[in-house]
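See structure below.
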Amino acid sequence: QVQLVESGGGLVQAGGSLRLSCAASGRTFRLDAMGWFRQAPGKEREVVAGITWNSIRTVYADSVKGRFTISRDNAKNTMYLQMNSLKPEETAVYYCAGPCSTSGTCTAPPYWGQGTKVTVSS
């Protein structure tokens, strides 16, 4: 059974930071590109970032460039999202998912985690 389990969400003040983790089990994703998505209340889910299997290429939504960093540790079958300078409008449930395309671009991955909630207070 494939499982992606996110952790690290919580409540943070605007301008603060959080680091999300995504641990995979039941299947290794070390040869797959992976990504992070988010869904804010009342909005459609959107891709936040993607990373190739070897971490050579990362892709970010324009809204998070320069503030978010995606990374992975294939030995641990774990992916991360470091989020800095968080804004209230980034309050959302954040999901990890994969596999993505080999370029790191994520559209409709088949496997998803249950999500971790991030609340950014103003």
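The values are calculated or read from the model by the stated rules, or taken from the named source; none is laboratory data. Source: prediction; values computed, not measured. Here the Cβ positions follow ideal geometry from the backbone for every residue, glycine too, while neighbour counts run over all protein chains shown. With ligands, DNA and RNA removed, areas are computed over all heavy atoms of the protein, side chains included. Shrake-Rupley method; radii C 1.70, N 1.55, O 1.52, S 1.80 Å.
Before moving on, here are some points about what is shown:
- The figure for K65 is an accessible area of roughly 120 square angstrom, using a 1.4 Å probe on the protein chains alone.
- Computed from backbone phi with θ = phi - 60° and the Karplus coefficients 6.51, -1.76 and 1.60, the 3J(HN,Hα) list for the stretch 108-122 is 9, x, x, 10, 9, x, 7, x, 10, 8, 10, 10, 10, 8, 8 Hz; x is used for glycine and proline.
- Take the Cα of A23, go 7 Å toward its beta carbon, and the backbone nitrogen atoms of the stretch 46-84 under 20 Å from that spot belong to 71-83.
- Once the Cα-Cα distance is subtracted from the 0.36 nm per residue extended length, the Q114 to I56 segment shows a gain of 18.2 nm.
- Karplus (6.51, -1.76, 1.60) ³J(HN,Hα), θ = phi - 60°, over the stretch 53-58, in Hz, Gly and Pro reported as x: 4, 9, 6, 6, 10, 10
- Distances between placed amide hydrogens fall under 5 Å for C100 paired with A33, M34, all partners being 5 or more residues away or on another chain.
- Relative contact order (percent, whole number), the stretch 19-85, Cα cutoff 8 Å, 6+ residue spacing: 37
- In the stretch 10-122, the alpha-carbon atoms span a convex hull of 93 Å³ per residue.
- Highest mean packing comes first when the peptides 46-53, 93-100, 108-115 are listed by Cβ atoms within 10 Å, giving 93-100, 46-53, 108-115.
- Taking amide H atoms as placed 1.01 Å from N in the peptide plane, the amide H of R72 lies under 5 Å from those of Y80, each 5 or more residues away in sequence or on another chain.
- Length added when fully stretched, S103-A14, from 0.36 nm per residue minus Cα-Cα: 28.8 nm
- Here the dipole of the chain is about 180 debye; that uses its Cα centre as origin and unit charges on the Cβ of Lys and Arg (positive) and Asp and Glu (negative).
- Relative contact order %, the chain, counting alpha carbon pairs below 8 Å whose residues are six or more apart: 36
- The chain - share of DSSP beta bridges that are antiparallel (%, nearest 5): 90
- J(HN,Hα) series, the stretch 10-26, from Karplus relation 6.51 cos²θ - 1.76 cosθ + 1.60, nearest Hz, glycine and proline x: x, 9, 9, 7, 4, x, x, 10, 9, 10, 8, 10, 9, 9, 9, 8, x
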